[in-house]
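Here is the structure we will look at, set down as structure tokens.
The values are calculated or read from the model by the stated rules, or taken from the named source; none is laboratory data. All of these numbers come straight from a predicted model, not from anything done at the bench. Virtual Cβ from ideal backbone geometry, glycine too; neighbours counted across all protein chains shown.
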Amino acid sequence: MKKNILLLVVLIGLVLTGCKYEDGPGISFRSKRDRLANEWEIKDFKINDNDSALKELSNDSLMIIWSLTRTGSYNADIVYKDRSRTIRADYSSLYKNETVLNFYSSKFHKRFGSTGNYSFINHHNLVEFNVDLSEKYDYLPRVQRLEIQELRNEKVKLKGTDTKGEKIYIELEAYNKK
């Protein structure tokens, strides 16, 4: 009986120490990779703790969707909010909408590109994003590392410092609710 109680205490301790993000969750039965792999709407994107860089998009009919797969790849798309269609994240289709083009090119794309790979590092406390090197833009960084603040099925918060020393905060909400 004492062995069973000891085993139960050890198992509970292991489970609770595995959930270590600042904003939660306290416990989850889904793997970290499964929680991160989703289509995410970028709800907040701050640079150097300034007002949300997305504020300029708040009245717009478009949104940026960041898709992260279980296999560790990602891509960004620009989508109509009514979900009627997707505009591939290329500049030729965005010239009519300077607000989205400005945000996408100067804030998001400049740090993450439109495609790449990601992986967990530091015991799943950090996510490392590697920009697809086939994108031939000199300003693109090779790697961005962001600390996971919250990792839930329908919400993710990431923060860190980009390769230029600017603080980044990203809040994501599930685009396709599972």
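Key figures for this structure:
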item: Hits in the stretch 150-178 (condition: surrounded by fewer than 18 Cβ atoms within 10 Å (Cβ to Cβ) and in a strand (DSSP E or B)); result: Glu150, Lys155, Lys159, Thr161, Lys167, Glu173, Ala174
item: Filter result (among the charged types (D, E, K, R), within 27 Å of Ile148 (Cα to Cα) and modelled with pLDDT under 75) within the stretch 82-113; result: Lys107, Lys110
item: Count - residues of the stretch 114-144 that are modelled with pLDDT under 90, surrounded by 15 or more Cβ atoms within 10 Å (Cβ to Cβ) and assigned to a strand (DSSP E or B); result: 6
item: Candidate set: the stretch 145-174, residues that are among the small types (Gly, Ala, Ser) and under 16 Å from Lys46 (Cβ atoms); chosen: the one modelled with the lowest pLDDT; result: Gly165
